[in-house]
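The values are calculated or read from the model by the stated rules, or taken from the named source; none is laboratory data. None of the values given here were measured: they were computed from a predicted structure. Glycine gets a Cβ as well: all are built from the backbone with ideal geometry, and neighbour counts include every protein chain shown.
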Amino acid sequence: MKRASFISIDDEDVDLILSFALEDEALGVRSLILMRTPKFESLVIEEERGVRVSLEGQETDEEDSMLVRVTLSSKDIEIATMTGIYKVDLSKVGKEELDSVYPFLQKMNFDNKFEISHA
């Protein structure tokens with residue numbers, strides 16, 4: 001499980017972006033990014049709509065990187081895609097940042113493309 005130093009939320013432009021700055025021994029910091037572009041989703045087929053997950057420095061097929069489930073608690077978050085699971089320790093993240101994650105995930109999930117559970 002990687003530890004997040006902080007969380008960034010961006011919903012001011014076209015994209016909805018939730019990113020986690022993960023502590024990484026080799027790189028210092030590595031970004032785990034959840035991104036959705038609702039404005040342009042009507043232009044793609046149904047299977048390509050939703051939240052894409054990417055880990056900086058890791059190559060994946062776009063179809064494999066689609067978010068299917070998020071499990072959030074006050075201590076950690078589990079992010080599941082079609083092919084993998086990312087577990088992130090949130091113990092160093094501030095309460096205000098943590099409190100904003102669940103509502104933002106709900107905003108990203110306006111069409112119920114993925115499951116969200118909040119403990």
So which residues in the range 107-119 are in contact with a strand residue (DSSP E or B) (Cβ under 7 Å, 6 or more places away or on another chain), modelled with pLDDT of 95 or more and either on the phi > 0 side of the Ramachandran plot or not aliphatic (A, V, I, L, M) (or both), if there are any at all?
Lys107, Asn109, Phe114, Glu115, Ser117
Of all residues in the range 1-15, how many are in a strand (DSSP E or B) and not aromatic (Phe, Trp, Tyr)?
8
Only residues that are closer than 17 Å to Met66 by Cβ and outside any helix (DSSP H, G or I): list them for the range 85-119, please.
Ile85, Tyr86, Asn109, Phe110, Asp111, Asn112, Lys113, Phe114, Glu115, Ile116
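Okay, residues lined up against (1) more than 25 Å from Ser42 (Cα to Cα); (2) buried (at least 18 other Cβ atoms within 10 Å of the Cβ):
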{"residue": "Ile77", "(1), (2)": "yes, yes"}
{"residue": "Gly94", "(1), (2)": "yes, no"}
{"residue": "Asp99", "(1), (2)": "yes, no"}
{"residue": "Met108", "(1), (2)": "no, yes"}
{"residue": "Asp111", "(1), (2)": "no, no"}
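Condition (residue is touching an Asp or Glu at 6+ places or on another chain (Cβ under 9 Å), surrounded by fewer than 11 Cβ atoms within 10 Å (Cβ to Cβ) and at pLDDT below 95) applied to the range 35-52: is it met by at least one residue? Can you show your working first?
Step one: of the range 35-52, the residues touching an Asp or Glu at 6+ places or on another chain (Cβ under 9 Å) are 35-39, 41, 47-50, 52.
When the remaining residues are screened for being surrounded by fewer than 11 Cβ atoms within 10 Å (Cβ to Cβ), the result is 47.
From the residues that got through so far, the ones that are at pLDDT below 95 too are 47.
There is at least one residue in the range 35-52 that is touching an Asp or Glu at 6+ places or on another chain (Cβ under 9 Å), surrounded by fewer than 11 Cβ atoms within 10 Å (Cβ to Cβ) and at pLDDT below 95.
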